[in-house]
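Any read-out appearing in this document is the output of simple, stated calculations on the displayed coordinates, not a laboratory observation. What you are looking at is a predicted structure, and each value in this text was computed from that prediction instead of being measured. Neighbour counts run over all protein chains shown; Cβ positions are idealised from the backbone, glycine included.
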Amino acid sequence: MSLTLTLHTTPDVPLEADVISPDQLTGKTVSEIEVLTLHHGNQTVALADFFKVGGQAGDEIVVDGADLSRVKLIGRGMTRGRLRVLASVGMHVGAAMSGGELLVEGNAGDWAGAEMRGGRLIISGDAGHLLGSGYRGSHAGMGGGEIIVHGGVGNEVGGAMRRGLIAIGGDTGDFTGVNMLAGTIVVLGRLGWRTGAGMLRGTIVSMHDTELLPTFSYATTYQPTFLRLYLLHLRALGLPVEEQQLSGRYRRWSGDAVQLNRGEILLYQN
C-alpha cells in the first residue's frame, strides 16, 4: 500500500514542503498528515490546503500534480523508504538525504541533492544548477550516495563534493566539479567551461573532448579498469552507456595545479 499526495492547488509563491518525506509521514494516518504544516511564502498552511491525501503510509510515497515546480524541499533529509514524484519539481529536492530512494519523473530545480549524504536520487529529466553541491559557506557538498540525471544539468555540478557518485546522461554547464574534494562525476554528454576548477582530488569523466583549464596537465592515455564497473552500473540504471565506452581508452589529465594537483579528468578517446 502506498500513500498518495496529489497537488490540487498550484501555489502562487514557492511552497516549502520538507514534511513530504518517508521519515515524516510513515506511521501517520491520513487525518494526521492533512494537518501537517507547510510554509507558503510568509504564511503557515496545512498540507491539505494544497494536497489531497489518499491511500495509506507504507513503504512508498507518491507525489503527483500537474505542476510541482513551485514545491520545494520534497524529500529533504530523508533517511529511508521510497519517494516518487510524478512531475517536475522545485528546488532542493532530496537535499541532505542520507538514505532511501527518491525518483523524480520530470525535471528538478536548483540545488537538487545538495549536501546529500547517502541514498539514491534519480531524475528522469533535466536538473538545474548546483546539483549535489554544498550550500554557500559550507565546507563540503555531497558526502555520499548516488545522483543519477538522465537529462542535462546546469552550472556547478558537484561543487565541493567529498564522496559519492553523480552521473549525468546529457550535458553539464560551467564549473563542473568546482572545488571538488573527492568522489566521482560521470558525464555522458559534454562538459561546460572551467571543469574541475579548484579541485583537490576526485574523478571527472566525460565521453566528449573539451577545452580544459591551463592548470590541468596531460598525464597518459589508458583503459581505467575501475571505470568499466561504474559504467556497467550506470547502464543498469538506464543511462545510455555505449559498449565501446566500457573498454575504451581515456586520456587522463591531472589538476588542478593551483591546489594539490591530485584530481583527474578522464576524456574518452573516440
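Look at Ser206, Ser2, Ser133 and count the other Cβ atoms within 10 Å of each Cβ; fewest to most, that gives Ser2, Ser206, Ser133.
Shown for His40, His233: other C-beta atoms within 10 Å of each C-beta, ranked fewest to most, produce the order His233, His40.
Net charge in the neighbourhood of Leu15 (other residues with Cβ under 14 Å of its Cβ; Lys, Arg +1, Asp, Glu -1) is -2. Net charge dipole, region 164-257: roughly 260 debye, given to the nearest 20, about the Cα centre with Cβ charges of +1 for Lys and Arg and -1 for Asp and Glu.
A Förster radius of 22 Å, combined with the Cβ-Cβ distance separating Gln269 from Phe226, puts the computed FRET efficiency at roughly 0.80. Spin-label model, His139 to Lys52: label points 7 Å out along the Cα-to-beta-carbon direction sit 4.9 nm apart.
Between Trp193 and Arg235, the contour length at 0.36 nm per residue exceeds the Cα-Cα span by 12.5 nm. Remark: the chain is approximated by an ellipsoid whose semi-axes, taken from the C-alpha gyration tensor as √(5λ), come to 37, 18, 14 Å, largest first.
The helix-based estimate of mean residue ellipticity at 222 nm for the chain, built from -39,500 (n - 2.57) per DSSP H run of four or more residues and divided by its residue count, is -2000 deg cm²/dmol to the nearest 500.
Among Trp253, Trp193, the order by Cβ neighbours within 10 angstrom, fewest to most, reads Trp193, Trp253. Here the extension length gained between Arg262 and Asp209 equals 17.0 nm, from 0.36 nm per residue of separation less the Cα-Cα distance. For region 71-226, the spread of Cα positions along the three principal axes, ordered from largest to smallest, is 43, 30, 27 Å. Spacing of the modelled spin labels on Thr9 and Asp174, each 7 Å from Cα toward Cβ, amounts to 4.2 nm. Quick check for you: which residues of region 211-233 have the amide N under 16 Å from the point 7 Å beyond the Cα of Ser247 toward its beta carbon? Only 222-232 pass the distance filter.
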